[in-house]
Amino acid sequence: MNTENIYFKSASHEAAKGEFDTCLLLYSGGLDTSVMLKWIQEQYECDVIALTIDLGQTADDMQAIKEKAIYLGAKEAIMIDAKEDFAELCAEAIKANADYQGGYALGCPLGRVMIAKIAIEVAEQHGCQVVAHGCTGKGNDQVRFEGYMTTLNPSIKTIAPVREWAMGREEEIAYAEKHGIPIIQKKETPYSYDENMWANTGEGGEIENPALVPPLEKILKWCKTPEQAPDESTEIIISFEKGVPTEINYKAMPLTEIIEHLNEVGGANGVGYFHLVEDRIVGLKVRGIYENPAAHILIQAHKNLEQLVSTREENEFKTIIDQKWAYLCYGAKYFEPVMDNLRSYIDEQNKKVNGWVKLKLYKGNCEVIALDSSYSLFDHNLATFNKSADFNQGASPGFIELWNLPQKTAHQVKKSNEHKKAIS
């Protein structure tokens with residue numbers, strides 16, 4: 001491993017050695033940040049305060065992470081429970097039908113928003129002028145963390161040791177083994193995970209290359225494969241108020257518990273994991289495996305209920321708004337002013353998204369099988385095919401003639417001009 005890699009700091013927010021004596025490290029207890037905690041002390045000759053934020057990740061033992069940080073030399077290890085605050089971001093994602101490029105409910109991008117907010121608060125409280133993160137130079141999170149933190153506090157400086165030392169995952173594993181840093185990654189199982197209550201992201205190994213078939217039985221942490229799922233389906237009813245889920249099977253629950261419950265139920269039925277070849281912010285096209293069963297179920301239910309209570313034009317426009325929200329959220333633009341405008345529309349549209357949705361989960365499928373709302377635009381008397389329907393079918397021919405007039409006229413004009421060219 002070459003820890004003397006030459007790295008030129010090109011941004012004004014990058015901190016230099018000797019400019020600070022205490023660094024706040026965003027510490028997860030995983031491979032990157034564990035190696036980093038040791039490396040920062042050696043390379044920057046400074047104290048390190050480790051900050052770990054609980055966003056509902058199930059795999060983490062928060063006390064063990066704290067003890068590990070102290071063992072590796074942290075001056076202080078701060079633990080913050082932010083599950084309820086993070087659930088508010090998840091509620092925003094539900095209302096926006098969060099989906100980036102096919103099934104990714106944006107768990108990691110939303111988590112970075114929450115972590116960045118808290119990091120700035122803690123840095124200011126402890127007089128830290130520098131925040132360190134464990135992101136690589138090829139990923140999205142470096143853009144999110146550094147962009148958000150310098151937006152929230154323009155005077156803050158950052159360091160990104162993984163980017164500076166240019167180590168790959170195998171080199172990091174070797175460094176950890178050499179320095180006695182306890183990790184769970186091994187060279188033969190090189191998968192890396194990022195987890196919060198909204199999603200679990202798997203990367204590394206066979207996942208990265210789209211030409212390889214990833215061994216899901218070794219990779220998935222939350223979800224069973226359809227083959228492993230039960231032979232019996234599971235039906236659930238989700239109630240919504242202003243676009244936010246409030247009940248499961250008519251039992252009121254806080255959103256954190258709803259998400260936790262649906263992660264378990266959905267995962268057990270093989271629902272909500274996706275292979276996604278995504279376009280990263282930095283220009284790379286990389287595959288990840290995303291497990292977000294609760295998010296998938298809630299967004300599926302919400303989207304169907306929203307469509308029931310909205311007009312055709314509203315549904316068409318909301319799709320455009322949702323996609324823009326998702327791309328900005330993914331693309332490290334959560335604090336972009338236009339996001340405020342998108343949220344205003346999304347919140348207004350969701351005021352009437354009230355009602356219940358019944359879903360059937362079966363071997364990887366999540367199917368909406370019934371739903372109702374006091375704002376429903378379905379009118380049985382108009383929609384039924386029975387002769388007693390109130391719908392005036394006699395008015396349809398005139399409507400068809402006028403509705404089709406622009407299309408018919410344009411087609412005839414095109415044919416006429418093509419004919420003139422052909423005979424000239």
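Among the residues of the range 310-325, is any in a loop (DSSP other than H, G, I, E, B), touching a residue at least 12 places away in the same chain (Cβ under 8 Å) and among the small types (Gly, Ala, Ser)? Among the residues of the range 310-325, at least one is in a loop (DSSP other than H, G, I, E, B), touching a residue at least 12 places away in the same chain (Cβ under 8 Å) and among the small types (Gly, Ala, Ser), which makes the answer yes. The set of residues in the range 364-382 that are open to solvent by less than 50 Å² (accessible area, probe 1.4 Å) and either without any contact (Cβ under 8 Å) to a residue 40 or more places away in the chain or farther than 25 Å from Asp322 by Cα (or both) contains only Ala370. Put simply, of Lys178, Lys138, Lys157 the only residue that is touching a His at 6+ places or on another chain (Cβ under 8 Å), open to solvent by 20 Å² or more (accessible area, probe 1.4 Å), more than 22 Å from Gln57 (Cβ to Cβ) and not aliphatic (A, V, I, L, M) is Lys157.
Strands (runs of 3 or more DSSP E) fully within the range 140-247 that include at least 2 residues being more than 24 Å from the chain's Cα centre (by Cα): 157-159, 234-241. When we screen Glu121, Glu164 for residues that are free of Cβ contacts under 8 Å to residues at least 40 places away in the same chain, out of contact with any Pro (no Cβ under 9 Å at 6 or more places or on another chain) and open to solvent by 10 Å² or more (accessible area, probe 1.4 Å), the only hit is Glu121. Scanning the range 326-346 for residues that are open to solvent by 70 Å² or more (accessible area, probe 1.4 Å) and either touching a strand residue (DSSP E or B) at 6+ places or on another chain (Cβ under 7 Å) or in a helix (DSSP H, G or I) (or both) yields Tyr327, Pro337, Asp340, Asn341, Ser344.
Filtering the range 206-229 to residues that are open to solvent by 30 Å² or more (accessible area, probe 1.4 Å) and either of a type in the set (D, E, K, R) or free of Cβ contacts under 8 Å to residues at least 40 places away in the same chain (or both) leaves Glu206, Glu208, Ala211, Leu212, Val213, Glu217, Lys218, Lys221, Lys224, Glu227. With respect to (1) within 24 Å of the chain's Cα centre (by Cα); (2) closer than 21 Å to Tyr193 by Cα; (3) modelled with pLDDT of 95 or more; (4) not basic (Lys, Arg), the lone exception for Ala50 is condition (1).
The values are calculated or read from the model by the stated rules, or taken from the named source; none is laboratory data. These numbers were taken from a predicted model, which means no experiment stands behind them. For neighbour counting, all protein chains shown are included, and Cβ atoms are generated from backbone atoms with ideal geometry for every residue, glycine included. Ligands, DNA and RNA are stripped out before the accessible areas are found, and what is left, the full protein with its side chains, is counted by its heavy atoms. Shrake-Rupley method; radii C 1.70, N 1.55, O 1.52, S 1.80 Å.
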